[in-house]
Every structure is written in C-alpha cells, then in structure tokens.
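*Asks:* Just passing along the structure, written as structure tokens.
Each value in this text was obtained by applying a stated rule to the coordinates, not by laboratory testing. Please read all numbers here as calculations on a predicted model, not as lab measurements. Glycine gets a Cβ as well: all are built from the backbone with ideal geometry, and neighbour counts include every protein chain shown.
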Amino acid sequence: ALFYGSVSHHLGGLATLLSRPAAATAHYEEALAMHTRMGARPWLAHTQHDFARMLLEHGEASDRDRALQLAGDASTAARELGMANLAERAKALQQEIQGAIPLRPRQRRSR
C-alpha cells in the first residue's frame, strides 16, 4: 500500500501555486492535523516544510515566527527519520527565514 499524504497537503501546494495564501494555510493546517492524528511523521515533516516555505513566500512578516518553527520541526523530524534530503532543505529554509542566506525561488521536491 502506498500513502501520498493527506489530500489537504496537496491542496495546500496547489493553493500556494495559485498565490492563495489563506486557502493554502487552511489546507496545510488540516494536513498537519491529519498527519499528526495518523502518526504519519514523514508526511508531517513534508507538510511542515512546505507550509513554512509558503508562509515565507506568501505570508505576512508576522508569519515568520511560525514559518521558523515549522521549518525547525521539519528539520528535526527529517533528521530523526533519516530523510537526509528533506533535513537539508528544511535546515536551509530555517537559515533563509532567519536571514542568514538570501531568498531563493522555490525548488521542486523530488521523491
């Protein structure tokens, strides 16, 4: 059996692509809740990363703290789960949010 994560995660990505941050936020919040309830830690980490990226790119300045927390949680979980690629991207996102490196365009995630 394969699990591609909560549909809400993918809807959040679509809303992000369409520059609809309010809709993306609602979808990502639902995905966070669903993945938490299911104990789907790898998908929770992906959702945290993607949500943080969306908040950084489309959110308000006040969303940076939440984005930083989400990126940090994604980095920690990915590292614990042995998801080296995601851990690296989440750590880079943390640094980006903190202003340590300049903003860069979103890169497609490979699976």
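*Asks:* Given Trp43, Gly72, Gln94, which one lies farthest toward the positive end of the charge dipole of the chain, if we put +1 on the Cβ of every Lys and Arg and -1 on the Cβ of every Asp and Glu?
*Replies:* Projecting each Cα onto the dipole axis, the largest value belongs to Trp43.
*Asks:* Quote to one decimal, in nm, the extra length available between Ala26 and Asp65 on full extension: 0.36 nm per residue of separation minus the C-alpha distance between them.
*Replies:* Extra length from Ala26 to Asp65 when fully extended: 12.3 nm.
*Asks:* Compute, for region 1-108, the length of the dipole vector about the Cα centre, with Cβ point charges of +1 (Lys, Arg) and -1 (Asp, Glu) only. Units Debye, rounded to 20.
*Replies:* That gives region 1-108 a dipole magnitude of about 260 debye.
*Asks:* Okay, next question. Consider all pairwise Cα distances in the chain and report the whole-number % of them above 16 Å.
*Replies:* Roughly 55 percent, rounded to a whole number.
*Asks:* Just the Kirkwood number for region 6-70, please: inverse of mean 1/r across all distinct Cα pairs, in Å, one decimal.
*Replies:* 11.3
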